[in-house]
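I have placed the structure first, in the form of structure tokens, so that the comments after it can refer back to it.
The values are calculated or read from the model by the stated rules, or taken from the named source; none is laboratory data. All values reported here derive from a predicted model rather than from experimental measurement. Because the Cβ atoms are built from the backbone with ideal geometry, glycine has one as well, and the counts that use them run over all protein chains shown. Side chains are part of the model used for accessible areas, which takes the heavy atoms of the whole protein and leaves out ligands, DNA and RNA. Shrake-Rupley method; radii C 1.70, N 1.55, O 1.52, S 1.80 Å.
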Amino acid sequence: MILLLGASGYFGRAFADELRRRGHSFIPLTRRAFDYTRFDFLFDYLRNIKPVFLINAANYSGQPHDPGCEREREQAMSANALLPQMIARVCLMTKTPWGHVSSGCIYAGGKITEDGQERVEKDLGGPEIRQLFAAHPERFRGYSEADEANFSFRHPPCNFYSGTKALAEEAIHEIGQCYIWRLRLPFNGRDEPCNLLCQQPEYMDDAINSLSHLEDCVRACLDLWEIRAPFGIYNVTNPGAVAAREIVQGRIRAEQSQRGAASGRSHAFPAKTPRSNCILDVSKLLHSGIKIRTVNEAMEESLAGLRAALRVGKPNGFNN
């Protein structure tokens with residue numbers, strides 16, 4: 001039996017779908033049905049049902065007008081930093097292996113090789129950097145799991161959301177049998193508010209980023225558990241990096257040509273807080289034997305799914 005926390009959220013629903021597809025027996029828990037944020041409740045529950053694995057997909061990323069959680073700091077701190085620490089201790093006491101959905105947003109920038117020397121570039125949005133990436137993507141490398149977070153409370157400026165995610169990793173990475181899965185800017189071929197491809201480009205940065213195809217990366221997370229890969233931190237993104245805003249602009253143009261208007265989500269106003277733009281190195285994931293397609297392959301299929309849905313007149317519920 002697998003226990004899934006945060007089952008009603010964006011990541012939680014994807015984990016539930018994949019667990020069903022694989023035929024796993026699991027219990028999806030939401031806070032409305034069971035307050036797993038209480039230590040005594042969760043401890044007693046785990047002692048009674050004795051799950052073989054626990055997945056923490058609970059997360060608080062803020063409202064559309066507050067993507068950095070600057071106005072909702074209490075909720076973000078509770079869900080993103082304090083809850084994982086409590087879960088880690090409960091799992092340690094009950095000897096339950098578990099996986100925690102984290103984020104690559106704790107980094108800014110990437111590594112660039114120039115004249116045989118590697119340097120860290122924290123701003124991946126400048127025109128010169130984007131031109132260099134377009135001409136020589138092989139000169140760009142991402143942060144590995146061994147690199148210290150550089151977009152966190154310890155290394156400001158950062159937004160509050162990124163700070164809480166970094167705090168959680170610091171607190172739990174050496175406690176018990178735990179996977180820390182770092183996903184990044186999820187996307188797929190469905191029309192969902194959290195899908196990167198359903199955002200309007202004016203509310204996005206021009207920067208280069210690693211991305212996570214939602215279903216690809218959920219499968220990779222579960223694969224790590226099923227093959228019994230060593231516990232620890234794993235960057236779980238599709239190999240490669242892209243300038244996401246350019247891709248979304250392409251999606252908008254496709255919609256305009258077929259509908260006469262763009263249908264992407266728009267926020268009330270652009271975020272004014274610092275944003276994480278970064279490249280993650282997925283060598284550890286691949287060397288563990290996990291197979292995952294490149295970000296360009298995943299993006300091409302996702303955009304095709306969105307366009308196909310438009311052609312058959314399905315403004316909602318796009319299929320991947």
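A few remarks follow.
- Peptides 210-221, 108-119, 184-195 ordered by average Cβ neighbours within 10 Å, highest first: 210-221, 184-195, 108-119
- Per residue value of the accessible surface for the stretch 33-190 (all protein chains in place, 1.4 Å probe), Å²: 45
- Net lengthening on full extension, Gln177/Arg47 (0.36 nm per residue, minus Cα-Cα): 45.2 nm
- For the stretch 17-132, the equivalent ellipsoid derived from the Cα gyration tensor has semi-axes of 37, 19, 15 Å, listed largest first.
- Taking the square roots of five times each eigenvalue of the Cα gyration tensor of the stretch 105-177, the equivalent ellipsoid has semi-axes of 28, 15, 9 Å, listed largest first.
- For the stretch 134-209: Kirkwood Rh in Å [reciprocal of mean 1/r, alpha carbons]: 15.4
- Fully extending the segment from Glu301 to Thr113, taken as 0.36 nm per residue of separation minus the present Cα-Cα distance, adds 64.6 nm.
- Note on Ala33 and Ile227: the extension gain reaches 66.7 nm, defined as 0.36 nm multiplied by sequence separation minus the Cα-Cα distance.
- Accessible-area ranking of Trp181, Trp225, largest first, probe 1.4 Å: Trp225, Trp181
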